[in-house]
1. Per residue of the range 96-111, in order, report the coupling 6.51 cos²θ - 1.76 cosθ + 1.60 (Karplus, θ = phi - 60°) as ³J(HN,Hα) in whole Hz, putting x for Gly and Pro.
2. Summing -39500 (n - 2.57) over the DSSP H runs of n ≥ 4 in the chain and dividing by its residue number, what mean residue ellipticity at 222 nm do you reach, to the nearest 500 deg cm²/dmol?
3. Any idea which of Ala83, Trp114, Ala151 is furthest toward the positive side of the dipole for the chain, if Lys and Arg beta-carbons carry +1 and Asp and Glu beta-carbons -1?
4. Specify the inter-centroid distance of the range 73-125 and the range 9-32, based on alpha-carbon positions, in whole Å.
5. Dipole size in debye (nearest 20) for the chain around its Cα centre, Lys and Arg Cβ +1, Asp and Glu Cβ -1?
6. Measure off, as a whole percent, the carbon and sulfur share of the 1.4 Å-probe accessible area of the chain, all protein chains present.
7. If one takes the longest principal axis of the Cα atoms in the chain, at what angle in degrees, from 0 to 90 and to the nearest 10, does the Cα axis of helix 145-158 lie?
8. Working from Cα positions, state the angle (0 to 90°, nearest 10) between the long axis of helix 12-26 and the longest principal axis of the chain.
Amino acid sequence: MAVPHHLRPEDRADFEETLRLALVRTGQRDLKEQALADADLITAAAGPEYDAYLALRQDARRRPAPPSTALAALAVLTPIISATSAVFLLLAGYILQLADAAAPLPASLITAGWILGAVAVLSTLLAVAALLHTAVRDRRGPASPAEVEQARLEWKRALLERGLVPYLTGSGDNSGRTATG
């Protein structure tokens, strides 16, 4: 019979602690070694809780990647610098145009101002879109230590009630042995 839930080495101490409690509760102290050998089979009885615990623990270990400092600075500074430059170039271009300055200079300043204005608008839209994407993606964040501990306690309770006690008393489907006391 294939056992889909293998007990992870870091959870062995929790399994043994719960086993000690079950041995006291059932009075079957002589079955400790056999229960330790069948840990994966017994853990399968509390499979959904164990899977939930493992998922939360993995989620808690997940650390969001820090944003690139250069990219963040670029996203903040590009709209500001381009908008400021656009205002000055447009202002200078239109003032020179009103003063009847040589034809190519005011037209070039005005064109450059409008291009920088478009860059400011586009970079602002991209920065806002990136901010919204980050907010939606990381809305929940990693699992809290309290959530992980709650899932761990639920797994241990299910392990005790649906795994170890039926195994030790010989009343569960997961026992794989006959109750000999």
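The values are calculated or read from the model by the stated rules, or taken from the named source; none is laboratory data. All figures in this text were calculated on a predicted structure; none of them were measured in a lab. Counting neighbours? That spans all protein chains shown, and the Cβs are built from the backbone with ideal geometry, glycine included. Note: accessible area is taken over every heavy atom of the protein model, side chains too, but ligands, DNA and RNA are not part of it. Shrake-Rupley method; radii C 1.70, N 1.55, O 1.52, S 1.80 Å.
1. 5, 5, 5, 7, 6, 6, 3, 4, x, 5, x, 5, 5, 5, 5, 4
2. Result for the chain, helices only: -23000 deg cm²/dmol.
3. Ala83
4. For the range 73-125 versus the range 9-32, the Cα centre distance is 75 Å.
5. About 120 debye.
6. That fraction is 66 percent.
7. The helix 145-158 is inclined about 30 degrees to the chain.
8. Tilt of helix 12-26: around 40 degrees.
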